[in-house]
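**Student:** Below you will find the structure I want to go over with you.
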Amino acid sequence: MPSISLKRAASNPSAARQLPTMPFEADGLATARSVIHGWQGYAPTELKSLSNLADELNVGTIYFKDESTRFGLGSFKPLGGAYAVSRCLARTIANKTGQQPLDLFSDEAKAHAAEMTVTAATDGNHGRSVAWGARMYGCRCVIFVCASVSEQRKNAIAAYGAEIREVDGSFDDAVRLASVTAQKEGWHVIPDTADSLNEDAAAAPRDVTQGYMLVVDEALAQLKDQPPITHLFLQAGVGGLASASAARFWQAYGTERPITVIVEPDQCACWYESLVAGKPVAVTGDIDSDMAGLACGEVSMIAWQILQTGADHMVTITDEAVPILMTYLAKKGSDARPIVAGETGISGLAGFIACAQDKDMRARLGLGPDSRIFVIGSEGDTDPDNYKTIVGHSAAEILAQ
């Protein structure tokens, strides 16, 4: 059994049971389902049960939603970035032509899309998603990458036809430069974070978050004959996936929603600091993490609307958890079936294990034999070279065992 230690833990003083006003369109989830289910290659990702690990940690069930196979991009991100590209194009073309709705795969729509440029900042997977969506719909794409993004991640984005622009700074610096450049050039920015709730500025990140809700939407269908989930352990960078997941469970379960725990690397724990303070707090300094998708210093205001009251507890872990759990899942995975999970993909599960192995936190969360845990394996080997360095084998070799 892997041994993982908590760094910090706190309860959210603003946690509430009642459902807040969600920052989405009334029919947003239905629209996201309709669009994404219609993409070539769509299929629900597998919901795996980690029975052996559950027995070792004395909990009822651990459900692991494995996003490593999503549309061949290796992460959950296409549900957000590519979907937001589709919504941006639909709105822009409708405003220009007065035709709504318009089939985005029609020759007429593609002619309009060819005149448009979408852009985004990324620490890896979001940029790849936006680039994939831009290629699917036929528009130009420019992606800003922060200094910590590996060459392999940059090459994976460029493979979809995107222009890569490197930023000498953090993810948050790349976000700001992408926004400034888009405004200057007349491009359409597709961020996965929002620093305000201005309707125009928040439209794309709202679409991103709405698309992410399909991860849990699928899981709820897969769990329809099972007892309800009792605990969520959700990794949070800017908060998109965490807030989307918490929101969808909240919609489904109402006031009986699961106990929700936010998991972050200790050096970039903007959600921990913000929820303790009761207001968004920016984390500065060296915020790089091996959990690259979580190396963010500022929360998204879209996500804040949900997690301000929807998160019950916050925990931080160190980067030491990365090789421990990546290797464990590659060797033992889902009851002796290997699981390929990348550096960020292990984070929610790592947070749960750390809590389950900590006597005080285990008691605070009420973890026991009746607990039903839900975590998201948010990425596979999205940096294959780094994956092989950490685990000792490539993903293909692991899965062939």
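**Student:** Could you list, in sequence order, all residues of region 276-325 that are in a loop (DSSP other than H, G, I, E, B) and touching a Leu at 6+ places or on another chain (Cβ under 7 Å)?
**Tutor:** The answer is Ala311, and nothing else.
**Student:** Follow-up question, since we're still on this one. Of all residues in region 338-359 being charged (D, E, K, R) and in contact (Cβ under 8 Å) with a residue 24 or more places away in the chain, which is farthest from Glu67 (Cα to Cα)?
**Tutor:** Asp358
**Student:** Search region 1-50 for residues being out of contact with any helix residue (DSSP H, G or I) (no Cβ under 7 Å at 6 or more places or on another chain) and of a type in the set (Ser, Thr, Tyr), and hand back the single one that is surrounded by the most Cβ atoms within 10 Å (Cβ to Cβ).
**Tutor:** Going through the qualifying residues, I end up with Thr31.
**Student:** Something else: Just to check your reading of the model, which residue among Gly124, Gly74 is touching a residue at least 60 places away in the same chain (Cβ under 8 Å), open to solvent by less than 40 Å² (accessible area, probe 1.4 Å) and in contact with a helix residue (DSSP H, G or I) (Cβ under 6 Å, 6 or more places away or on another chain)? Talk me through it step by step, then tell me what you get.
**Tutor:** On the way: Gly74 fails: in contact with a helix residue (DSSP H, G or I) (Cβ under 6 Å, 6 or more places away or on another chain).
Result of the check over Gly124, Gly74: Gly124.
**Student:** I'd like the full set of residues that are assigned to a loop (DSSP other than H, G, I, E, B) and open to solvent by 70 Å² or more (accessible area, probe 1.4 Å), limited to region 149-181.
**Tutor:** Ala159, Asp168
**Student:** For a quick check of your reading of the model, give me the residue pairs whose first member lies in region 323-335 and is farther than 16 Å from Met291 by Cα, whose second is polar (S, T, N, Q) and open to solvent by 10 Å² or more (accessible area, probe 1.4 Å), with beta-carbon atoms closer than 7 Å and at least 6 apart or on different chains.
**Tutor:** Lys332/Asn52; Ser334/Ser49; Asp335/Ser51; Asp335/Asn52
**Student:** With the requirement that a residue be of a type in the set (Val, Ile, Thr) and open to solvent by 10 Å² or more (accessible area, probe 1.4 Å), what does region 252-286 give you?
**Tutor:** Keep residues of region 252-286 that are of a type in the set (Val, Ile, Thr), which gives 255, 259-263, 276, 281, 283-284.
Those that are of a type in the set (Val, Ile, Thr) and open to solvent by 10 Å² or more (accessible area, probe 1.4 Å): Thr255, Ile259, Val276, Val281, Val283, Thr284.
**Student:** Here is a further query. For residues that are part of a helix (DSSP H, G or I) and of a type in the set (D, E, K, R), scanning just region 113-148, find the one that is modelled with the lowest pLDDT. Break it down stepwise before answering.
**Tutor:** So the first thing to find is which residues in region 113-148 are part of a helix (DSSP H, G or I), and the list is 113, 125-137.
Subset that is of a type in the set (D, E, K, R): 128, 135.
Numbers: Arg128: 93, Arg135: 97.
The selected residue is Arg128.
One line per residue, one yes/no per condition, for (1) crowded, with 24+ Cβ neighbours inside 10 Å; (2) of a type in the set (Gly, Ala, Ser); (3) within 23 Å of Glu151 (Cα to Cα):
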residue: Tyr328; (1), (2), (3): no, no, no
residue: Asp360; (1), (2), (3): no, no, no
residue: Ser378; (1), (2), (3): yes, yes, yes
residue: Val391; (1), (2), (3): no, no, yes
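**Student:** Still on this structure: Can you report the number of residues in region 346-381 which are outside any helix (DSSP H, G or I), under 17 Å from Pro265 (Cβ atoms) and polar (S, T, N, Q)?
**Tutor:** Total meeting the criteria: 1.
**Student:** Scan region 259-280 for residues that are over 24 Å from Ser5 (Cβ atoms) and touching a helix residue (DSSP H, G or I) at 6+ places or on another chain (Cβ under 6 Å) and report the count.
**Tutor:** Final tally of qualifying residues: 1.
**Student:** Does Val315 count as within 23 Å of Ala121 (Cα to Cα) and in contact with a helix residue (DSSP H, G or I) (Cβ under 6 Å, 6 or more places away or on another chain)?
**Tutor:** no
**Student:** Let me spell it out: the conditions are (1) under 18 Å from the mean Cα position of the chain (by Cα); (2) surrounded by 23 or more Cβ atoms within 10 Å (Cβ to Cβ); (3) not acidic (Asp, Glu), and Ala134 meets all of them except one. Which number is the exception?
**Tutor:** Just one mismatch for Ala134, condition (1).
**Student:** Test of understanding: among Lys184, Lys110, which residue is open to solvent by 40 Å² or more (accessible area, probe 1.4 Å), out of contact with any strand residue (DSSP E or B) (no Cβ under 9 Å at 6 or more places or on another chain) and modelled with pLDDT of 95 or more? It would help to see each step written out before you state the result.
**Tutor:** Details: Lys110 fails: modelled with pLDDT of 95 or more.
None of the others qualify; the one that does is Lys184.
**Student:** Here's something else I'd like to know. Determine whether region 57-65 contains at least one residue that is open to solvent by less than 20 Å² (accessible area, probe 1.4 Å), closer than 30 Å to Cys141 by Cβ and either of a type in the set (D, E, K, R) or at pLDDT below 95 (or both).
**Tutor:** yes
**Student:** Here's something else I'd like to know. Regarding region 300-319, can at least one residue be identified that is open to solvent by 10 Å² or more (accessible area, probe 1.4 Å), farther than 23 Å from Ala246 by Cβ and touching a residue at least 12 places away in the same chain (Cβ under 8 Å)? Please lay out each step first, then the result.
**Tutor:** So the first thing to find is which residues in region 300-319 are open to solvent by 10 Å² or more (accessible area, probe 1.4 Å), and the list is 301, 304-305, 308-309, 312-313, 318-319.
If we keep only those that are farther than 23 Å from Ala246 by Cβ as well, we get 318-319.
Restricting the remaining residues to those that are touching a residue at least 12 places away in the same chain (Cβ under 8 Å) gives 318-319.
For region 300-319, residues open to solvent by 10 Å² or more (accessible area, probe 1.4 Å), farther than 23 Å from Ala246 by Cβ and touching a residue at least 12 places away in the same chain (Cβ under 8 Å): present.
**Student:** Please go through region 375-401 and pick out each residue that is more than 21 Å from Ile324 (Cβ to Cβ) and either in contact (Cβ under 8 Å) with a residue 12 or more places away in the chain or under 24 Å from the mean Cα position of the chain (by Cα) (or both).
**Tutor:** Within region 375-401, the subset more than 21 Å from Ile324 (Cβ to Cβ) is 396, 400.
Residue satisfying the conditions is Ala396 alone.
**Student:** Sticking with this structure for a sec: Looking at this structure, is Gly348 open to solvent by less than 30 Å² (accessible area, probe 1.4 Å) and farther than 21 Å from Leu241 by Cα?
**Tutor:** no
**Student:** Among the residues of region 163-178, count how many are under 21 Å from the mean Cα position of the chain (by Cα) and not acidic (Asp, Glu).
**Tutor:** 6
**Student:** Now for a different question. Taking region 220-249 as the search range and keeping residues that are more than 21 Å from Val175 (Cα to Cα), in a loop (DSSP other than H, G, I, E, B) and of a type outside the set (A, V, I, L, M), which one is modelled with the lowest pLDDT? Please lay out each step first, then the result.
**Tutor:** Of the residues in region 220-249, the ones more than 21 Å from Val175 (Cα to Cα) are 220-234, 245-249.
Among the residues that remain, those that are also in a loop (DSSP other than H, G, I, E, B) are: 223-230.
So of that shortlist, the ones also of a type outside the set (A, V, I, L, M) come out as 224-228, 230.
Working: Lys224: 94, Asp225: 91, Gln226: 95, Pro227: 97, Pro228: 97, Thr230: 98.
Only one residue fits best here, namely Asp225.
**Student:** To continue, here is another question. Looking only at region 187-232, which residues are open to solvent by less than 70 Å² (accessible area, probe 1.4 Å) and without any contact (Cβ under 8 Å) to a residue 12 or more places away in the chain?
**Tutor:** The answer is Ala201, and nothing else.
The values are calculated or read from the model by the stated rules, or taken from the named source; none is laboratory data. Keep in mind it's a predicted model, so treat the numbers as computed, not measured. Glycine gets a Cβ as well: all are built from the backbone with ideal geometry, and neighbour counts include every protein chain shown. Ligands, DNA and RNA are stripped out before the accessible areas are found, and what is left, the full protein with its side chains, is counted by its heavy atoms. Shrake-Rupley method; radii C 1.70, N 1.55, O 1.52, S 1.80 Å.
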